[in-house]
Every structure is written in structure tokens, then in C-alpha cells.
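Read through the structure below, which is laid out as C-alpha cells, and then see the notes.
The values are calculated or read from the model by the stated rules, or taken from the named source; none is laboratory data. Only a predicted model underlies this, so the values are computations on that prediction, with no experimental measurement involved. Cβ placement follows ideal geometry from the backbone for every residue including glycine, while neighbour counts extend to all protein chains displayed.
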Amino acid sequence: MYRKLTADRIFDGIRFRSEGTVLITTPEGVVVDLVATEDAGDEVQVLQGMLSPGLINCHCHLELSHLKGKIPMHTGLIDFVKHIMGNREAEPEIIQQAIAEGEDEMLKNGIVAVGDICNNTSTIEQKKKQRLHYHNFIEVSGFPPYVAESRFSKIKEVYDEFKASLRNNSIIPHAPYSVSIHLLKSIAEFEGNNILTMHNQEDEAENEFFIEGDGKFLELYRSLNVDISFHKAAGKSSLQQYLPNFPVQKNLLLVHNVHTDEADIQLASSCFESSPDHLFFCLCPNANLYIGGQLPNLELFRKNNLQLVLGTDSLASNHQLSIYAEIISLQNTFPQIPLEEMLKWATINGARALKIDDRFGSFEKGKQPGVVAVEEGRIDLVI
Ligand SMILES: [Zn+2]
């Protein structure tokens with residue numbers, strides 16, 4: 001017995017279909033076809049609002065869910081980082097409970113797949129339930145070059161624990177201001193990786209730290225008593241220094257990009273000239289508004305035909321884990337960008353970024369992408 005669904009509008013992962021289209025799936029949600037109402041036969045279920053494939057959250061930190069509401073808004077990135085360092089410890093039961101609730105919230109909000117940053121193994125048990133697809137981005141940091149080797153071997157142990165229970169894992173760098181080129185090279189060479197990601201240009205202090213060699217990150221390292229006297233002004237942005245060290249044959253998701261400019265985009269495009277399909281820019285608008293109050297220059301990315309995807313970041317810097325809420329925020333600031341385009345970022349682009357577009361991201365025959373109904377901001381995972 002097939003399921004037949006229609007609504008006011010159907011977005012198929014790439015475009016809105018014409019009015020009167022019916023989605024036909026198996027009871028498990030495997031797409032059989034999209035047909036006109038007159039060809040759909042009986043028992044078509046009519047829903048209000050819009051249908052879309054399941055939403056893809058390309059950037060989350062599920063393990064930080066217990067920090068919901070704990071960190072004040074608008075502190076700027078450096079104080080936010082300090083708050084995270086000071087608050088992330090908690091009773092294991094509290095952490096586990098918040099992880100389970102965070103996952104429930106994503107499911108309730110129509111999210112079917114997640115690129116999830118992991119600094120430790122606390123999310124493994126929940127992820128073993130396989131309620132969502134996860135790509136685990138196991139994150140390492142270490143700015144002084146002399147810690148590169150020890151940090152890499154330590155994170156490799158975390159990676160091995162993930163690998164023993166879960167598929168789809170990578171070791172990834174945290175951000176240019178916290179990872180040496182030396183450490184980045186070990187990550188780039190690690191053969192277990194097929195997708196990479198990195199926080200990028202989230203705060204203007206990151207560019208200042210690399211271009212001028214000073215600013216708030218220098219102060220942060222001083223306050224932590226980390227000697228970074230080796231760090232010198234290079235006259236180039238963080239992205240321009242770090243990107244040439246990434247392997248272009250693997251997918252790369254650059255996250256935040258609030259202070260990415262035209263010169264950065266040109267450099268990124270030329271680095272990935274031979275494989276532009278591998279480069280993705282992930283936007284986390286609600287986290288940007290929570291921490292710094294500023295959004296990326298979206299028109300710059302659109303003008304250069306770059307592949308955009310969406311992320312929620314963690315509950316430490318967001319009031320909810322909802323990709324649709326991220327779209328609503330973007331629509332408020334950029335009403336000229338069609339909803340269709342943003343939905344594409346949230347579905348097929350996300351699926352391509354996480355290399356799961358054989359199953360997720362669009363209503364193409366044979367895929368099992370999840371079916372989401374959205375009506376007046378209310379979201380339901382229908383199948
Ligand atoms: Zn993040």
C-alpha cells in the first residue's frame with residue numbers, strides 16, 4: 001500500500017513543483033514518484049502548507065546541549081569561548097539527558113541528518129540508536145606547533161572509539177585561531193577522513209589575529225598563559241593562510257563565514273577550481289545573531305555561485321535546534337532571496353555536503369529522504 005501525499009506546495013529538494021503534484025512513497029517513505037493529481041488515483045492525503053524532503057543540519061554540537069540558556073547573548077566570540085571553557089563540565093546524567101532532548105528536538109523539527117562536532121565520546125550512546133543520520137566531525141585544537149603531535153594522537157583515540165560503534169567519522173580542525181598549520185597537515189593527511197569542516201571567520205578578531213598578528217585572540221592566549229610568541233602577522237586573512245592546506249579531493253564545509261570577503265572567496269574558488277563541488281559554505285545565522293549580532297554577506301556567496309548549506313550550531317548559542325528557524329531568520333534579513341533557494345541549501349545541498357545524497361535531500365525515485373510538512377511555521381516529520 002503506497003502513501004500518497006499532497007499539500008498547497010511541494011518542494012522536491014531543488015524546486016517547487018507545480019500545484020496539484022502528489023508525492024507517492026512506500027509505507028517506509030521510499031520515493032516512488034511525483035505525479036499530477038489526476039494520475040495519482042485514490043486515497044491521496046491532503047496536507048496544509050508545504051512538503052519538503054527532510055532537513056539537513058550541517059553544523060551542530062549535540063554534546064553542548066546542556067549549555068542551553070547558560071551563556072549570555074551578544075558577548076562576542078572570545079567571551080563566548082571563555083564561557084564554554086568554564087561551563088562545559090557537568091554531571092554525566094545531565095549531559096546525557098540534554099543530548100537525548102536535543103536529538104528529540106531535531107527530529108521534531110524535521111531534521112533527518114546532522115554534521116555533528118564532537119570533542120569527546122559523550123554522544124556515542126545516543127547516536128547508536130540510529131534515529132538520525134550523523135556524520136561525526138571529531139574536533140581537535142592546539143595552536144602551538146609543538147603540541148600538534150600529542151593532540152593528534154589523543155584525538156585519534158576519540159576517533160577510534162567512534163569508529164568502533166558508528167560509521168561516518170572524520171577528524172577535523174576547530175578553527176584557524178586554535179589549530180596550527182602543522183596540526184592541520186596531520187588532519188589533511190589522515191586517510192580516515194572523507195569530509196572535512198572548520199569554523200571560519202566567525203569573528204572579525206580572527207582576521208585581525210592573522211593579518212595584524214594581534215587583537216582579542218592574542219589577549220585570550222595571554223589570559224590562558226599560552227606562549228604564542230611564535231605567532232607573527234602575515235598580512236593575509238585566516239582563510240587565505242589555511243585553505244591551501246586542505247585536500248581539494250575531499251568535501252570541505254567552512255562554517256560561519258561572517259567576516260569572509262571577496263578576496264577570501266576568490267582564493268577559495270581558485271583553491272577548489274578543479275573540484276568546486278567539494279566546497280561548501282555553512283551558515284548558522286541564529287548562532288551568529290546570538291553571539292556577535294552580525295550575519296554573513298550572503299549576496300557575496302550567491303553572486304559567486306557558491307554552494308551554501310545551513311547549520312544550527314549548538315544550544316549553547318541558539319534557542320532551538322531547527323533548520324527551519326534558521327531559514328526564517330535569513331528570510332527576515334534577506335527577504336529578496338527566494339524561499340526555494342534557501343530550502344535547497346537545507347535539503348539537497350546539505351545532503352551533498354555530507355555525501356548522503358544517494359538517500360537524502362530530494363524526492364527522487366528510490367531515495368528515503370524523510371517527508372516534512374511545514375504549515376505556518378509548524379513543522380512535522382510526516383514520514
Ligand atoms: Zn560550531
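A few comments on the model shown:
- Residue ID - nearest to V371 (Cα to Cα), chosen from residues in the range 112-128 that are within 16 Å of the ligand (Cβ to nearest atom) and within 15 Å of the chain's Cα centre (by Cα): V114
- Among the residues of the range 355-372, some residue qualifies, meaning at least one is surrounded by fewer than 22 Cβ atoms within 10 Å (Cβ to Cβ), within 26 Å of D264 (Cα to Cα) and in the same structural domain as E204 (by TED's automatic domain parsing).
- The lone criterion from (1) assigned to a helix (DSSP H, G or I); (2) aromatic (F, W, Y); (3) crowded, with 19+ Cβ neighbours inside 10 Å left unmet by F137 is number (1).
- Meets criteria (β-branched (V, I, T) and not in a strand (DSSP E or B)) for I56: no
- Scanning the range 1-29 for residues that are without any contact (Cβ under 8 Å) to a residue 40 or more places away in the chain and buried (at least 17 other Cβ atoms within 10 Å of the Cβ) gives R17, T21, V22, I24.
- Against the test of being of a type in the set (F, W, Y) and either within 16 Å of the ligand (Cβ to nearest atom) or touching a Pro at 6+ places or on another chain (Cβ under 7 Å) (or both), the options F272, F280 yield a single qualifying residue, F280.
- Qualifying residue in the range 305-321 (condition: assigned to a loop (DSSP other than H, G, I, E, B), more than 18 Å from E103 (Cα to Cα) and in the same structural domain as V255 (by TED's automatic domain parsing)): yes
- Criterion (touching a residue at least 40 places away in the same chain (Cβ under 8 Å), in the same structural domain as T312 (by TED's automatic domain parsing) and among the aliphatic types (A, V, I, L, M)) met by exactly one of V44, V32, V112: V112
- Residue within the range 87-96 that is of a type outside the set (V, I, T), within 16 Å of the ligand (Cβ to nearest atom) and surrounded by 14 or more Cβ atoms within 10 Å (Cβ to Cβ) present: yes
- Residue match in the range 290-297 (condition: within 14 Å of the ligand (Cβ to nearest atom), farther than 25 Å from G110 by Cβ and small (G, A, S)): yes
- A Cβ distance below 9 Å, combined with a sequence gap of six or more or placement on separate chains, defines the contacts here; from the range 209-226, residues that are free of Cβ contacts under 8 Å to residues at least 12 places away in the same chain reach residues that are polar (S, T, N, Q) in the pairs G215/N207.
- Qualifying positions in the range 72-107 - basic (K, R) and without any contact (Cβ under 8 Å) to a residue 60 or more places away in the chain: R88
- Residue identified as in contact with a strand residue (DSSP E or B) (Cβ under 8 Å, 6 or more places away or on another chain) and free of Cβ contacts under 8 Å to residues at least 40 places away in the same chain among I348, I337, I323, I327: I327
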